[in-house]
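The values are calculated or read from the model by the stated rules, or taken from the named source; none is laboratory data. Note that the structure is predicted; figures quoted are calculated from it, not measured. Neighbour counts run over all protein chains shown; Cβ positions are idealised from the backbone, glycine included.
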Amino acid sequence: MEKVDILIIGQGPAGLSSAIYTARAGMITLILGCAPKVAGDYEIDNYFGFTETITGKDLIDRGRAQAAKFGAEMRCDRVLAIHQNEIGAFVAKTEDVEIEATSLILATGVSRIRPGISNLGDFEGKGVSYCVSCDGFFMRGKPVVVVGEGNFAANQALELLQYTPDVKVCSQGKEPSISEEFRYRLEENHIPVLKDKISSLAGEKGLERVVFESGESINAQGLFVAIGQASSNDFAYSLGLIRNGQFIETDREQRTNVAGVFAAGDCVGRFLQISVAVGEGALAGRAAINHVKDRRRALLDKGTA
Ligand SMILES: Cc1cc2nc3c(=O)[nH]c(=O)nc-3n(C[C@H](O)[C@H](O)[C@H](O)COP(=O)(O)OP(=O)(O)OC[C@H]3O[C@@H](n4cnc5c(N)ncnc54)[C@H](O)[C@@H]3O)c2cc1C
């Protein structure tokens, strides 16, 4: 398994800013994530130091070049799941590899994608879940549906097999964008991918059925939301991070409640602007460097004790 000091998820202003600090401090730094939304032809007029209007693409390109200059590695790879292992390191599973990191910086921005199911909120905690590793256990032997169109949904569906054989993926009316390898694994495990759109949920005390736009319905006691790519919320669920609504709670140093995990930028939800993301990224970078140094010292002390 690939090992790094600091894994940064997100290649936007927050993640790149963190990387400039961590790589410059000599930390083995890997940034995962593809071009952020702002890296288009959008005009940025309010970022410090640029009297002429700069495009989002130019700004992000500059940030990437600066992080690369100090040795940070960047890959457009999506993280599907993260967990903390028995030695306290963080293991991220991407579409291609697994990476172990001493410290983790979440800089994933905000996800505004909703499944568009009218009464979803009424069933949260009563069958609707956002976290297989948290709630999959409650679904032992029960029929479940994963809502999502991509590899994240496919991976969640495959993880559910450890609890129940009755798993379906529903792409919610979208054309599935599941890679060949994941498609093969779904087929092999008899997990169908339905293209119908779920419009509402039904059940007395908890979820019993999902109802499609067509009016047809199927049995489902669990519904796992996994639309698009995994978001900071999904990582927060699986790592046990405290949230405030859809945002991750951090202190002034960008520390979350889990030692070694830091968050910065829009996923923290203070003021959704580039300047704030860059500032928080720097703080998260500094805190992550200190965490790695502390871990190294602790290991040395253990070795000499
Ligand atoms: C069109 C537009 C115009 C804007 N204009 C301005 C402006 O003029 N001035 C201003 O200050 N702000 C502006 N903003 C807001 C600004 O872009 C954001 O506040 C800023 O980009 C937040 O940075 P971030 O690094 O937190 O997140 P983002 O820039 O959103 O980056 C998130 C990163 O996380 C990655 N990611 C997410 N999930 C995963 C996953 N599962 N695996 C791997 N990677 C993942 C994404 O690929 C991306 O690289 C604009 C935003 C948009 C969309």
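For the reader, a short list of remarks on this structure follows.
- Positions within segment 251-290 being of a type in the set (Val, Ile, Thr), in contact (Cβ under 8 Å) with a residue 24 or more places away in the chain, more than 24 Å from residue 132 (Cα to Cα) and within 16 Å of the ligand (Cβ to nearest atom), in sequence order: 274, 278
- Just one of the listed residues (103, 111) is away from the ligand (no atom under 13 Å from the Cβ) and either in a loop (DSSP other than H, G, I, E, B) or under 25 Å from residue 254 (Cα atoms) (or both), namely 103.
- Hits in segment 263-299 - residues which are farther than 17 Å from residue 247 by Cα and among the charged types (D, E, K, R): 286, 293, 294, 295, 296, 297
- Segment 9-38 - residue that is part of a loop (DSSP other than H, G, I, E, B) and more than 11 Å from the ligand (Cβ to nearest atom) and, of those, farthest from residue 98 (Cα to Cα): 25
- Single residue of 277, 298 found to be under 22 Å from the mean Cα position of the chain (by Cα) and in the same structural domain as residue 87 (by TED's automatic domain parsing): 277
- Just so you know, in segment 230-245 the residues that are away from the ligand (no atom under 13 Å from the Cβ) and part of a loop (DSSP other than H, G, I, E, B) include one that is modelled with the lowest pLDDT, and it is 245.
- The residues of segment 56-100 that are away from the ligand (no atom under 13 Å from the Cβ), touching a Lys or Arg at 6+ places or on another chain (Cβ under 8 Å) and assigned to a strand (DSSP E or B) amount to a single one, 100.
- Filtered residues of segment 5-29 (kept if among the hydrophobic types (A, V, I, L, M, F, W, C), touching a residue at least 60 places away in the same chain (Cβ under 8 Å) and either in contact with a helix residue (DSSP H, G or I) (Cβ under 9 Å, 6 or more places away or on another chain) or surrounded by fewer than 24 Cβ atoms within 10 Å (Cβ to Cβ) (or both)): 6, 8, 9, 14, 16, 19, 20, 25, 27
- Taking each residue of segment 151-163 that is within 14 Å of residue 225 (Cβ to Cβ) and within 12 Å of the ligand (Cβ to nearest atom) and looking for partners that are among the hydrophobic types (A, V, I, L, M, F, W, C) and in a helix (DSSP H, G or I) with beta-carbon atoms closer than 9 Å, six or more apart or interchain, yields 155/132; 155/182.
- For residue 115, the criteria (1) at pLDDT below 95; (2) touching a helix residue (DSSP H, G or I) at 6+ places or on another chain (Cβ under 6 Å) hold in every case but one, which is (2).
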